[in-house]
Amino acid sequence: MTRRPYFVAAASRRQFLTWSAGALATTGLAASGCSAPEGSGSAKAAGASPSPTTLSRIGLDYPFTQLPLYTTLVKLSTAAATKHDVKLLTTSDASNPDTQATNLNTWVAQKMPAIVSFPMVFEAAESIAKAALDAGLIWVTYGGTLENQSADIQFSFREGGRLLGEAAAKWADEELGGKGKVAFLVDNTIELGRERTKGMVDAFTKLAPGVDVVAQEQAIDPDTGLSKSNAILAKHPDLNIVLGITDAAAYGGFKALQQAGRKKGDAKTFVGGQDGAAPSLLAIKQGTFYRASSALAPQDIANAIVDVPLAVAAGKANPSVQVPVKLVGSGDTAEIDALLAQNA
Amino acid sequence: MADMTEPTRQTDATGQSGAANPPNLRITALNKSFGGVRALDSVDLTVPAGQVHALLGHNGAGKSTLIKCLGGAFPPDSGTIEVGGVPHTRLSPRESIAAGVAIIFQTLSVVDSLTVTENIFLGQEWTRYGRIDRRAQEKVAAELLDRVAASCSPRDRVGELPMGQRQLVEIAKALSRSASVLVLDEPTAALSGTESDALAARVEDLRRQGLAIVYVTHLLAEVERLADAVTVLRDGRVAHHSTGARQGRRELVDAITGGRGAASADSAEDRAASAGVSSARERGASAVGAVDPPGSAAPDPTMATTSPTASPTARLTVRGLRGPGFGPVDLTVGEGEILGLYGLIGSGRTRMLETLFGRRRASGGTVRVGERVVEPARPADALAVGIALVPADRRAQGLFPGLSAQDNVLLPTVGTLARRGVRALGAERRVFGSLAEAIGLRPARPGLPASAFSGGNQQKLLLGRWINEARAVDVLLLDEPTQGVDVGARQEIYDVVSTLAEQRGTAVLFASSDPEEAAALAHRCLIVDRGRVIGELSGAELTEEALLAAVHDADPDPPPTSASAPTPAVPHAPHHEGAA
Amino acid sequence: MTTATTATAAERAVPGPRALAAGGLATLRRQPLLLVLALLVLVFQLSTGSFLDPGNLRGIATDAAALAIVAVPLALLVISGYLDLSVGSTLALGALTAGWLAGEQAQSPVVAVVGALAVGAAVGAVNGVLCCYLGLSPFIVTLGMLAAVRGLAQQLFPLPLSGFGDGFAWLGGARIAGIAAPVVIAGAVLVAGALFLAYTPTGRHVFAIGVNREAAYLSGIDVRRTPFALFVVTGTAAALAGAIKASVLDSAVSGTSGAGFELTVLTAVLLGGVALSGGSGSVLGVLLGVLFLGCLQNGLTLLSVPTFWQQMAQGVALVAGAALAYFGPRTTR
């Protein structure tokens, strides 16, 4: 659960990293790029931005502080909030549901005017959300929907999986003649993982029925991805495709294949993941057999975190937002550079 | 020995009480073995109400095993324990207390940080509305303290009381649990003379109040004063039983030691035990008695009576040594000499040894090994200058139970034997082999874990740690060298120590609370009381009786300023006060 | 049982010719886990048919290497009566330091690895000073360090690092005589640990301190320096394992790298017959514990056991392995 959305992120590099000049390989890539920053995602709520009427503070409660995305989101959404003269505050839940509940209750008691929360346990958040609404506060649910809420910020996790599955199936059809072997690195432990898994597996098996599914293993981090892929490769040395529920897990599979002797650019191999994590994006950009990632743009999410509460405050209809997911492949260099820049 | 007629005699002697009511305590045919060694062999003991029954015997004769069976610490193998007419084949500690047995051990079980009242009611607190009813408890505690004629207040902290008062608190605690059988385990061993007298009076009170009292002691004077009946244990069997006021002293001593002349039919252990005693008795004549005949290195017994500072071959010289709870102390141990420090528990002997060994910091004084002044801050420093200590608490401070015998002996030495940081396995085996032979280790298996050895052989391992071929210390400090060691092995340990002193000229300084041991092992013995040396015995004067007399007559009512020089019990060379 | 394990530790202490003659049977009796492991391998081979393939065994060995590298010094530390729960975070810090030096700083692989080792040693030294010289509880101290070092790693490296270069990839990917470099390193650590325990005076002292610290002190053994050194070595080993993982994965993430690793290592150590109370254990046992965990994980994957069943099977196998190791010697005695 805790390692769920493994996004690439990059953060305020803080004092220490100021002397660590070139982060990743992304240094030279200017933050230009074609898409993203100014809110392709916040389409519906976009009009809300000019009216910071009553809202002075927004509380962002993102519990998975160990994820790189946490740092990135805090940085980007703080910047977005500043543009609207809004102060952004954050919790430090350390992936602990109890700590999260305590922190949220504190905010409700202190009358934090708007709360954007990614509940670790949705059922547990319901009563807190109700209390917030009863106190006249704005409650925005992140990553799901509650009965008691002002609005929500949704991600189509199944859509992300579907995009990846379809791309891989198309590739198998073209390069392998619809034959070959595929292994899925999946997650069955939380709702979000099951959604991604279902989207990915269903889309692939429907479009590429001739490809053998040789394994479906739980893996969301690179370490596990590596050791599981090693085991699978021992049994099926001719494995063609590894699809990951996260880019991190898929990256482990990518390394396992390389260590089994696969050349970086092997034409008969396909690895793909989801999130848009930096190591994976770099591998895609270099033209390796890591060929695709279903990526979310952190800037889109950050914009939504600020825009949705503002839209609610301004009394807009349908303030909720669906953050779009996009498949990036080796041809999407500009797209990749933009994503990497957001993280840097 | 425990013939069937004894219980009958017992009943006859106490006549009136025996017929109607069952005796408060009746132990019948109790057996207990530890790994093949018979600790108790068909032991009978009957104590009716209002009687003090003395229980005598050497260390290891079975007294403590018997008490522990009674207190529920050990389950007996067979036999019955009848308390107040209710027979038990075994007791748990809880059942024992419920049945009315109270045991006052030498090491008391009072909690120092609690008050007298809290100690008395520990585990059975009186509550009112869920709170401890302090007032009611204190009232009852005061009554109980009155009953045992204790002078302390119910609100005193036990840790601040003198030893005799603590003992009375423990007795009061037993009374609060309506005990009908009171067992006192060497109750005067840690008491001063006046405290002992006071205790004797309390025992007489309690007898009048109808308790059955088992009184464990090795002091015949106490037996003569208090006991209505006597049982002597030897090698786990009842060696003697008698009733009535007059006990024949000679007879009791013979029963304890096994009768020197009639020992032919007895086991080897018996002989060893009697040898230990005889050596004490005959030291005046033969100096070492049954121990190996002295070689040329052994000091002339007459030397010991001269001033310690005069010894020309002094290995260890201590002047004005002070530390928390003891001092200043002056002493000298000559080459090849075995010097005893005899005193009651709590008299500061252990602290002196631990200070010499660097485990405790001295607050003043000088220590010299040979001519060299040493100031050990850690045991490692002491070892570096040739001082080693075999501590009293073998389990906690000496042994490595899970490690092999060879490891136990050689651990401090493997580094010395090693070549270029690699252990010299062959040399280690050789050193251990010859040591095992020299000290009579049984079984002599290097790989056997130390926990599998008997107490005596464990002690040999610890001695061997400092006296093997690869390491020989100049000064060996022994604290209670044979505590928890069976009789046969005791003699072997004495032999090992004597031989060591003799052949290597090692200076041995040992502390003991057992007068028998002090008399048997020491060439010369200092008497220690409250952290000071108060007397010295040597040669023909060094006997068990003299040692006991020395400590128990030490303080006829100690003045509150006990720091002033105490009166020596026997002629004693004056010490150099404040030599630091 | 305590006497059983300690007895075996004691008997093992001095490998004489007689012990060698007693041969494999005695080894089996002392290491019941060996039997359990053999059984596990047999079951996996029969049910998958490919468990014993060289490729798969290589994979298991590579996976287990990082575990073994940390398990050996940790076992020594536990034998001496201490404990280090911070190795998971130290591993992460080591991985990130090595990756940062090799990647962003474009330093040579040697500098990167040495840098990581230095960081690990520093963490170990902090643990050691607090536990050995100041006498604080190792449980509390290293639990605190687990959180503190993780926080430090995240503060210093909030972003995932990747792209460490081909030179650095050598550490995790090179083959030395056909054997992967991490496996060679792990083998060296195992041999060094075993030799240290059996053939050096300090190795004996480790047992003494664990069995009875007071007695060791009174025997003139330095009861602080040796465990302190073991803390430093354990920290260094964790950082080395981190560098290896960073090299194998060519990436490192401060939040998740090595998360939960401390418990896996401790499991391997305890499964291998090292008593948490100190004073007994062997390097051979630790090796078996590491292999047991590695084989279990790999075999269950090969069998395509569904996720939750896999978790359950892992838990059950652990308890069963521990129980067999626990009751084994008693029945043979």
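The values are calculated or read from the model by the stated rules, or taken from the named source; none is laboratory data. Since the model is a prediction, treat every value here as computed from it, not as a measurement. Every residue, glycine as well, gets a Cβ built from its backbone with ideal geometry; the counts of neighbours run over all protein chains shown. Side chains are part of the model used for accessible areas, which takes the heavy atoms of the whole protein and leaves out ligands, DNA and RNA. Shrake-Rupley method; radii C 1.70, N 1.55, O 1.52, S 1.80 Å.
When a 1.4 Å probe is rolled over the protein heavy atoms, the share of accessible surface on the stretch A:157-295 that falls to carbon and sulfur comes to 49 percent.
Can you pull out the trypsin sites (Lys or Arg not before Pro) in the stretch A:120-184 whose DSSP state is coil and whose Cβ has at most 14 other Cβ atoms within 10 Å?
Details: sites: A:Lys130, A:Arg158, A:Arg162, A:Lys170, A:Lys179, A:Lys181; in loops: A:Lys179.
Here the trypsin sites (Lys or Arg not before Pro) that fit, given the DSSP loop and packing criteria, are A:Lys179.
When the pairs A:Lys170/A:Lys326; A:Lys170/A:Lys268; A:Lys264/A:Lys326; A:Lys264/A:Lys285 are compared against a 19 Å limit on Cα-Cα distance, A:Lys264/A:Lys326 fall above it.
Other chains' Cβ within 10 Å of C:206-213 residues: what's the mean?
Numbers: counts 0, 6, 7, 2, 3, 11, 11, 0.
Whole-number average of other-chain Cβ neighbours for C:206-213 is 5.
At the nearest 100 Å², what buried accessible area, both sides summed, do you get for A and C when the probe is 1.4 Å? Don't skip to the end; give the middle numbers.
Values: alone 13990 and 15390 Å², together 25990 Å².
Roughly 3400 Å² of accessible surface disappears when A and C pair.
Viscosity 1.567 mPa s, temperature 4 °C: give me the Stokes-Einstein translational D for the stretch A:157-295 in µm²/s, with Rh taken as the Kirkwood radius over C-alpha pairs. Write out the running numbers ahead of the final one.
Values: Rh = 14.0 Å.
Translational D for this selection: 92 µm²/s.
Under 5 Å between amide hydrogens, built in the peptide plane, is the criterion, and for A:Gln322 it picks out A:Gln154 among residues at least 5 positions away or on other chains.
Residues of C:288-301, mean number of Cβ from any other protein chain within 10 Å of their own Cβ, rounded to a whole number?
Working: counts 0, 0, 0, 0, 0, 0, 1, 0, 0, 4, 5, 1, 2, 13.
For peptide C:288-301, the averaged partner shielding equals 2.
Among C:Phe164, C:Phe308, C:Phe231, which one shows the biggest mean-square fluctuation in a GNM of chain C, springs joining Cα atoms closer than 10 Å? Fluctuation is largest for C:Phe308. Chain B contacts chain C over a buried accessible area of about 2500 Å², both sides summed; the probe is 1.4 Å and only protein chains count. Partner lysines whose Cα lies under 24 Å from the Cα of A:Lys87, excluding those fewer than 8 positions away in the same chain, are identified as A:Lys44, A:Lys75, A:Lys111, A:Lys130, A:Lys316. Per residue, chain C reaches -25000 deg cm²/dmol at 222 nm when only DSSP H runs of four or more residues are counted, each adding -39500 (n - 2.57). Contact residues in the stretch C:151-177 by the 30 Å² criterion (accessible area, 1.4 Å probe, full protein complex versus chain alone): C:Gln154, C:Gln155, C:Leu156, C:Pro158, C:Leu159, C:Pro160, C:Ser162.
Qualifying trypsin sites (Lys or Arg not before Pro) in the stretch B:369-423, where qualification requires a DSSP coil assignment and no more than 15 other C-beta atoms within 10 Å, comprise B:Arg420.
Would you mind getting me the FRET efficiency between B:Ala201 and B:Ile345? Use the beta-carbon distance for r and R0 = 35 Å, nearest 0.05. Mind dumping the intermediate values first?
Numbers: r = 22 Å, r/R0 = 0.63.
That gives a FRET efficiency of 0.95.
This model, with +1 at the C-beta of Lys and Arg and -1 at the C-beta of Asp and Glu, gives the stretch B:124-209 a dipole about its Cα centre of some 500 debye.
Got a number for carbon plus sulfur as a percent of the stretch C:142-250's accessible area, 1.4 Å probe? Don't skip to the end; give the middle numbers.
Numbers: 2510 of 3620 Å².
So the carbon and sulfur contribution to the accessible surface is 69 percent.
Solvent-accessible area of the stretch B:375-465 (1.4 angstrom probe, protein heavy atoms only): carbon and sulfur portion equals 51 percent. Solvent exposure of chain C amounts to 37 Å² per residue of accessible area, where only protein heavy atoms count and the probe is 1.4 Å. The charge dipole of chain C, taken about the Cα centre with unit charges on the Cβ atoms of Lys, Arg (+1) and Asp, Glu (-1), comes to about 840 debye, rounded to the nearest 20. Computed from phi, the 3J(HN,Hα) profile of the stretch C:170-176 under the Karplus parametrisation 6.51, -1.76, 1.60 (θ = phi - 60°) reads 4, 4, x, x, 5, 10, 10 Hz, with x in place of Gly and Pro.
Each principal axis of the stretch B:188-232 carries a Cα extent, and these read 27, 25, 15 Å when sorted largest first. Shape summary: the stretch C:187-333 maps onto an equivalent ellipsoid whose semi-axes, from the alpha-carbon gyration tensor, are 31, 22, 13 Å in decreasing order.
Hydrodynamic estimate: the Kirkwood radius of chain C over Cα pairs, inserted into Stokes-Einstein at 25 °C and 0.890 mPa s, corresponds to D of 120 µm²/s.
Compute the signed sum of charges (Lys and Arg +1, Asp and Glu -1) over the other residues within less than 9 Å, Cβ to Cβ, of B:Val52. Can you show the working numbers first?
Details: positive: B:Arg207; negative: B:Glu204, B:Asp228.
Local charge sum for B:Val52: -1.
Residues in the stretch A:157-295 average 31 Å² of solvent-accessible surface per residue, probe 1.4 Å, ligands and nucleic acids excluded.
The accessible-area loss of the stretch B:409-453 on complex formation, taken against its chain alone with a 1.4 Å probe, reaches 50 Å² or more at B:Leu411, B:Arg423, B:Leu425.
The H on the amide N of A:Val213, modeled in the peptide plane, is under 5 Å from the matching H of A:Val182, each at least 5 residues off or on a different chain.
Amide H contacts of B:Leu25: B:Val47, B:Gly84, each under 5 Å away and 5 or more positions distant or on a separate chain (H built 1.01 Å from N in the peptide plane; Pro and chain starts excluded). Centre-to-centre, using Cα atoms only, the stretch B:206-253 and the stretch B:66-122 are separated by 21 Å.
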